1. Which of the residues belonging to region 405-440 are touching a helix residue (DSSP H, G or I) at 6+ places or on another chain (Cβ under 9 Å), in a strand (DSSP E or B) and touching a residue at least 60 places away in the same chain (Cβ under 8 Å)?
2. Within region 396-403, is even one residue in a loop (DSSP other than H, G, I, E, B), in contact (Cβ under 8 Å) with a residue 60 or more places away in the chain and closer than 26 Å to Arg449 by Cβ?
3. Go through (1) in a helix (DSSP H, G or I); (2) among the hydrophobic types (A, V, I, L, M, F, W, C); (3) surrounded by fewer than 24 Cβ atoms within 10 Å (Cβ to Cβ); (4) touching a helix residue (DSSP H, G or I) at 6+ places or on another chain (Cβ under 7 Å) and name the single condition Cys484 misses.
4. Considering (1) among the polar types (S, T, N, Q); (2) touching a strand residue (DSSP E or B) at 6+ places or on another chain (Cβ under 6 Å); (3) more than 22 Å from Thr545 (Cβ to Cβ), say which one Gln627 fails and leave the rest.
5. Within the bounds of region 371-378, is there any residue that is over 21 Å from Ala25 (Cβ atoms) and of a type in the set (A, V, I, L, M, F, W, C)?
6. Restricting to region 590-614, give me the number of residues that are at pLDDT 95 or above and within 19 Å of Arg626 (Cα to Cα).
7. Suppose we filter region 476-501 for residues that are under 30 Å from Leu553 (Cα atoms), out of contact with any strand residue (DSSP E or B) (no Cβ under 6 Å at 6 or more places or on another chain) and not small (Gly, Ala, Ser); how many remain?
Amino acid sequence: MTETQVRTSPYGTWTSPIGATAAAAGQKKVEWAAFVGEEVWWTEWRPSESGRVALVRRAPDGSVADALEPRWNVRTRVIEYGGRPWLPLGTDPAAGFVFTHWDDQRVYRAVPGGTPEPISPEPGLPGGVHYGDFCLVGDEVWCLREVALTPDRAKVRRDLVALPLNGSAVADPDAVRVLAASHHLMTGPKVSPDGRYACWLGWDHPRMPWDGTELMCAPIGPDGTPGPARVLAGGPGVAVSQAEWAPDRPGVLYVLSDTTGWWNLHELGLDGSARPLCPREEEFGDALWRIGAQWFLPVGGGRMFVTHGVGARRLALLEADGSLRELDGGEDLTEWAALTTDGRRVVATAAGPRSSSALLLLDPGSDAAAPEVLRGADTAYADHLPPGYHEVFRGPQGEEVHAYVYPPYNPGFTAPDGELPPYVVQAHGGPTTRSQLVADFSTAFFTSRGIGVVDVQYGGSTGFGQAYRERLREAWGVVDVRDCATAIRGLAAQGKADPDRIGIRGGSAGGWTAAASLAAEPELYRVAGIYFPLLDPEEWRERGTHDFESRYLESLIGPWPRAAARYAQVSPLRQAGRVRAPFVLMQGLEDTVCPPVQAESFLERMRENGVPHAYLAFEGEQHGFRQAETVVSCLHAELSAYAQVFGFEAPGVPRTDLSVARRP
């Protein structure tokens, strides 16, 4: 576009090709990749297909096809946040694969082109038994099993089990062998290459997996059953988030542990002896939110593919001498994930601030100048993506506050001289997780219209070391709120944001932070977009939630009843009388993590106080929206709210009434 074609128009009024429909479609996610011989397979989340997860295969000739018909949804419900849902049964695609089907949560065996057949028993409670994190052992698959003991899944039992591949357990549930049950929460088992040992991670309430886990190891007897297990590493205060057997060194494990204050790699013997492999003040892993997650992959000879960095994640080959050979080709790609290897090559997803996620194949031993693109990035709106950057702000006591800043950007528009842009603070979910400095069409939906976004990695976020993560301990609703305010005030002080046009948005734990910020900073925030939030921790604790997070509040706020006063002080519901800013609240009606009842109680307080708001509640949506039409409705409602409060017209966006609660 030439300079003469650039139009001058107020922030917020810019027209953009990135509509809400494009933003929803752009949220496809590639995960759980694997080599199947010379083919590469992966799962792909498809918002346009009601949020189903497809299993996709790519042949050596470059052709790509689904491995299953559209009615199959490859997704497990373990710990509600899911985990590794499928496993190839050999290097020949004709050997088939197993997977968990979302609709009934049963395990199926299938071959390409064939009809999947169940191999797990039909549960007594529909969808009440969940499986994930599979491992092939002879004519069985070993995995984690999670059994719901109540219809609301608030109480569960977990164990490691062996499912016969021949399907005999369908008619005879006793054919499912129980292997171990060391902890209340566990990952699936991993068997050593010589078949002599099995290892897994375990932890018990009230710990979360980033608070401390144990690496368990058990010998496998002649009958194929693990014997007594012992702790090889970890414990309270030490979070082991991944362990892998060395492929060529019997009795050697590689372990990702935060004993140094950072998730670093260690070599571990069966006698418990350990040595660091690449000690750095960087993270080589992350919080274990999903069962079976992997951040490194051994390839033999003491070498392994790894991701590492502070905040961002780079791809490298860790050599046996502890040196790192960077493979990411520069700074443009800031986030590498979904690793898989055939022992020589590595496949991973890669993205950057102005590049959406692509699936790439790299061969460190080849002379290829560039990786092979297996699934290309979406380049449809590349020229409208904002130039995001990482900035560190300083809090009241000089503490670091990390944030990713996405300024308003549209090649076809500029703002009038002297006008400062409105900004929206984005608070990520978790809260013990992080967001990524990568292209995101939902962010670009706002920035391309002239609204800046600052994505705050508040204290408690992962990616910046254990000490940064621990800042949130017993301080949720305080540290996160303060750090979000620090970041946006910092931008305003730099003259980059209009201090009178500041909003905040977030989902889940980010929805909590957004709502709490409205109460704590009524003069700072003028509007909010709140997604499926937790709003009253005391009620959440009493009513109960899904098992994985049922004791999470003890580390986030404090043990009950000792910290009862703190629960009331930080509760957005209890502090609702301080809220003055209009907002839009969006809620899934099948959400078991943050049930709708809290949202409805909060809205009743808003009606009593006369606070303008809109409520969008969606049938068929759980915790985290997966359907494209839901995302479209939410983005339109948000933008309409920002336009009304910030004082501009949003072209082409239906107006959302901020005075009543409604269902679409």
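1. Result: Val405, Tyr423, Val424, Val425, Gln426, Ala427.
2. no
3. Condition (3) is where Cys484 drops out.
4. (2)
5. No; the residues of region 371-378 include none that is over 21 Å from Ala25 (Cβ atoms) and of a type in the set (A, V, I, L, M, F, W, C).
6. 0
7. 7
Each row is one residue, and each column tells you yes or no for (1) under 27 Å from Met208 (Cβ atoms); (2) out of contact with any helix residue (DSSP H, G or I) (no Cβ under 9 Å at 6 or more places or on another chain); (3) modelled with pLDDT of 95 or more; (4) not in a loop (DSSP other than H, G, I, E, B).
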{"site": "Arg489", "(1), (2), (3), (4)": "no, yes, yes, yes"}
{"site": "Ala492", "(1), (2), (3), (4)": "no, yes, yes, yes"}
{"site": "Pro499", "(1), (2), (3), (4)": "no, no, yes, no"}
{"site": "Ala514", "(1), (2), (3), (4)": "yes, no, yes, yes"}
{"site": "Ala519", "(1), (2), (3), (4)": "yes, no, yes, yes"}
{"site": "Ile530", "(1), (2), (3), (4)": "yes, no, yes, yes"}
{"site": "Glu542", "(1), (2), (3), (4)": "yes, yes, no, yes"}
{"site": "Ser555", "(1), (2), (3), (4)": "yes, yes, yes, yes"}
{"site": "Tyr567", "(1), (2), (3), (4)": "yes, no, yes, yes"}
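The values are calculated or read from the model by the stated rules, or taken from the named source; none is laboratory data. Just so it is clear, the structure is predicted and the values come from calculations on it, not from any experiment. Note: ideal-geometry Cβ built from the backbone for every residue, glycine included; neighbour counts use all protein chains shown.
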